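Have a look at the structure below before the remarks.
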C-alpha cells in the first residue's frame, strides 16, 4: 500500500484498522507502507508501467481495495455489552474508593466518588439502549428534536 504522507504517521492507524478487521481471523496479514516515489521505483524495477507523476492528476486513484465488511449486528451487540460491563466495573471501583474514603475519616470527600459511581452505573445502563458510551459524566435529559 502506498500513501501520500509519511508512512510512519499512517502506519499506527492503518495497523489498528487492519487488526480490528481481522480480529476474528487466526492471523492478521502484514502491512507494508511506502511513499509514492518508493512505490514508483519498485514498479519500475519490476517492469511495471507506471505513468510519470506529471501525467497523474492530484486525485488519481492508483488502486482501490475491495470494501471491508461492516461488523455484524451480533458483533456490535457484543461490543456494546463489553463496554457496558467495563462501565459497571468502573462504577464498582468508584464505590470501593468511596467506602475507603468514608471509613478513613473523610466524609466530605466521599461525594465525588459516589457521584462518579452513580454516573458510571447510570450511563452504563443507558448505553444498552443508546449509542452513548459509558462515562463518568451524569447523562442529561434527551435532546428534543425541533418540529
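Just so it is clear, none of the values below were taken in a lab; they were calculated from the coordinates. This is a predicted model, so every value here is computed, not measured. Backbone-built Cβ (ideal geometry, glycine too); neighbour counts: all protein chains shown.
Numbers at a glance
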{"quantity": "Cα gyration tensor category, rounded, prolate or oblate, for the range 97-141 with a/c compared to 1.5", "calculated": "prolate"}
{"quantity": "Förster-model FRET efficiency, 25 Å R0, residue 114 and residue 77, C-beta, rounded to 0.05", "calculated": "0.25"}
{"quantity": "Rule-of-thumb Rg ratio for the range 73-127 [Cα; 2.2 N^0.38 Å; N residues]", "calculated": "1.37"}
{"quantity": "Label-point separation, residue 93 to residue 27 (7 Å along Cα→Cβ), nm", "calculated": "3.6 nm"}
